[in-house]
Amino acid sequence: MNTFVRCGSLFTGREDEAQTAGMLVFDRDGRLTYVGAEAGAPRRTKNDRLIDHSVHFVMPGLIDVHTHLAYGNAKSEEDIDLYSPLEFRALRGMFFAQKVAAAGYTAICSPGDAGQISLSIRDAIRAGLFDGPRVMAAGPYLTTHQGLTDWYPTWIGAPETSIGKLVTNIDEAVEEVRRQVKNGVDCIKLALDGIQRRPDGELIAAFTQEETDIITRESHRLGRKVISHSVGREATLYAARAGVDLIFHGFDLDEECIAAMLQSGSFLCPTLTHPRNLIDFTQPHEPAAQKGRVEVTERRYRLGVANLKKAKAAGVPFLPGTDTGFAITPYGEWHARELELFVEDLGFTPAAALRATTEAAGRFMTSAGEIGVLEPGHAADFIALDGSPLADIGILQDRSRLRAVYIAGKEFRVADRPYDPRRVTDFALTNWTDLYTQARVAELGARPRRLAAE
């Protein structure tokens, strides 16, 4: 039995335009056998079924290459690393993976999580235990003392339940790559910088160029792609020179970085949604606002966008990703905002943004490019929309316009259950986000209350 899908408009991910009166045909295994005009489609038999999306815009399922399944809408680094056991994080991660799929994202890269959480979610979906998106899974970040995920004081270190694996020399780094590959990761994640800066303000790379080269070369030898957290110029340059496959952030890149990326063919995922959400939505009472982080982030964002535009103009390939998994970027909520920001802040056309989140992201995610494009032989991963994102990219962020999601030809549906973190065994001790000095209490206008006797 084959399934025929009648499409009002059909965007395959290969071209910049959609064709009208299109047709998809896929087999019982969820593989496309025909993509094109309805007039040229094979004849249906009595055993075939028809799905009617003749008033909808049909396109490949969306892909977010920066979604951390284990973070759990974290409010702090401790939330990410300490307060929940790995077993619970894996179950919670499956719940949130389904929320992402329900938003039209049929594939994600989970680039750096504790233990084997993302691998377990990936495997459970592949094995048919749960419905969910396709997952490209990494293990813990490789980090040094200057890397992002060695963020606790040295007397605490990097706990076993954290998302970072601290390596103190190149032999340990190579051993960790080999261990993770043995465990089944799809990619290796490097924390190539963090928050430590030189006196002139430049971010310090966590690994040397030679170390980055060796780690990348060994990962590639073992058939795994490499992803790096590289905000600063130095880390971005080291990653590009080493041939890292996907560079996150790159806000401080310069012409030398751009030239190296063009030579290596590295993808760049700027991850605009996280900083923009922080800038746009953080409320005055939040610790991030109290610390002045909103103003600092806005200043760095403006400078970063100017640099990213230069990379785009030079031809560096971009992929969309959101850093989903934080309280400011909750699962299933803001994924398509990245595409809006590609258009509004970086100057992408809607068609170019769509191709970045479909064809280009699919090419990165799978060596044979089985996803991201609707053509024969590829997976029948697609969504149906009320309206064209080629005309208005914001349609993708409007859940009321999403009519259906299909993964391997099967319509994806999941109950919209709430997640109540208050019902979870919680070792977090944060009870206040303010400091109640006499001056602060007076500023708030708070007054002591007279309590009634029992």
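Observations on the structure shown:
- Residue exposure sequence - Phe96, Phe412 - by fewest surrounding Cβ within 10 Å: Phe412, Phe96
- Charge dipole (the chain, unit charges on Cβ, about Cα centre) - positive-most of Leu203, His56, Ala239: His56
- Exposure proxy for Lys309, Lys225: other Cβ atoms within 10 Å of each Cβ, ordered fewest to most, give Lys309, Lys225.
- ³J(HN,Hα), Karplus 6.51/-1.76/1.60, whole Hz, each residue of the range 20-28, x for Gly, Pro: 8, 6, x, 9, 10, 10, 9, 8, 5
- Positive-end ranking of Leu253, Val296, His68 along the dipole of the chain, with charges on Cβ about the Cα centre, is headed by His68.
- Couplings for the range 110-119, taken from phi via the Karplus curve 6.51 cos²θ - 1.76 cosθ + 1.60 with θ = phi - 60°, read 9, x, x, 9, 5, x, 10, 5, 5, 5 Hz in order; Gly and Pro are left as x.
- Close amide H pairs (under 5 Å, H built 1.01 Å from N) link Asp254 with no residue at least 5 positions away or on another chain.
- The range 74-103 and the range 1-39: distance between their alpha carbon centers, rounded to Å: 35
- For Ala206, the residues whose amide H sits under 5 Å from its own are Asp193, ignoring neighbours fewer than 5 places away on the same chain, with H placed 1.01 Å from N.
- Segments 137-143, 341-347 sorted - mean Cβ within 10 Å per residue, highest first: 137-143, 341-347
- Cα gyration tensor shape for the range 134-268, rounded if a/c is under 1.5, else prolate or oblate: oblate
- Global geometry of the range 1-157, whether rounded, prolate or oblate, following the gyration tensor of its Cα atoms and the 1.5 cut on a/c: prolate
- Per-residue Cβ neighbour counts within 10 Å put Ser266, Ser388 in the sequence Ser388, Ser266, beginning with the fewest.
- Structure-derived Rg and Dmax of the Cα atoms in Å - corresponding label in (i) 25.7, 105; (ii) 23.0, 84; (iii) 26.0, 88: (ii)
- Simple rule: put +1 on each Lys or Arg Cβ and -1 on each Asp or Glu Cβ in the chain, find the dipole, and look at Pro159, Gly332, Thr20; the Cα lying farthest toward the positive end is Thr20.
- Residues whose amide H lies under 5 Å from that of Tyr34, counting only those 5 or more places away or on a different chain, are Val25; hydrogens are built 1.01 Å from N in the peptide plane.
- Mean Cα-pair separation over length for the range 62-335, i.e. relative contact order, pairs under 8 Å, 6 or more apart, %: 19
- Cα-centre dipole for the range 309-357 with unit charges at Cβ (Lys and Arg positive, Asp and Glu negative), debye to 20: 300
- In order along the range 74-83, phi translates into HN-Hα couplings of 5, 9, 7, 4, 4, 4, 5, 9, 10, 8 Hz, rounded to whole numbers, per the Karplus curve 6.51 cos²θ - 1.76 cosθ + 1.60 with θ = phi - 60° and x for Gly and Pro.
- Per-residue ellipticity at 222 nm computed for the chain from its helices equals -9000 deg cm²/dmol, with DSSP H segments shorter than 4 residues left out and the rest contributing -39,500 (n - 2.57).
- The alpha carbon centroids of the range 338-411 and the range 164-235 are separated by 30 Å.
- Note on Lys189: lysines with a C-alpha under 21 Å away, same-chain residues under 8 apart excluded, are Lys165, Lys225.
- Chymotrypsin sites (Phe, Trp or Tyr not before Pro) restricted to the range 151-207 and DSSP loop, no more than 10 other C-beta within 10 Å: Trp155
- Remark: the chain carries a charge dipole of roughly 1000 debye about the Cα centre, counting +1 on each Lys and Arg Cβ and -1 on each Asp and Glu Cβ.
Every number in this text was worked out from the coordinates using simple rules, so none of it is lab data. Every value quoted in this text rests on a predicted model; they were computed, and no experiment measured them. Every residue, glycine among them, receives a Cβ derived from its backbone with ideal geometry; neighbour counts consider all protein chains shown.
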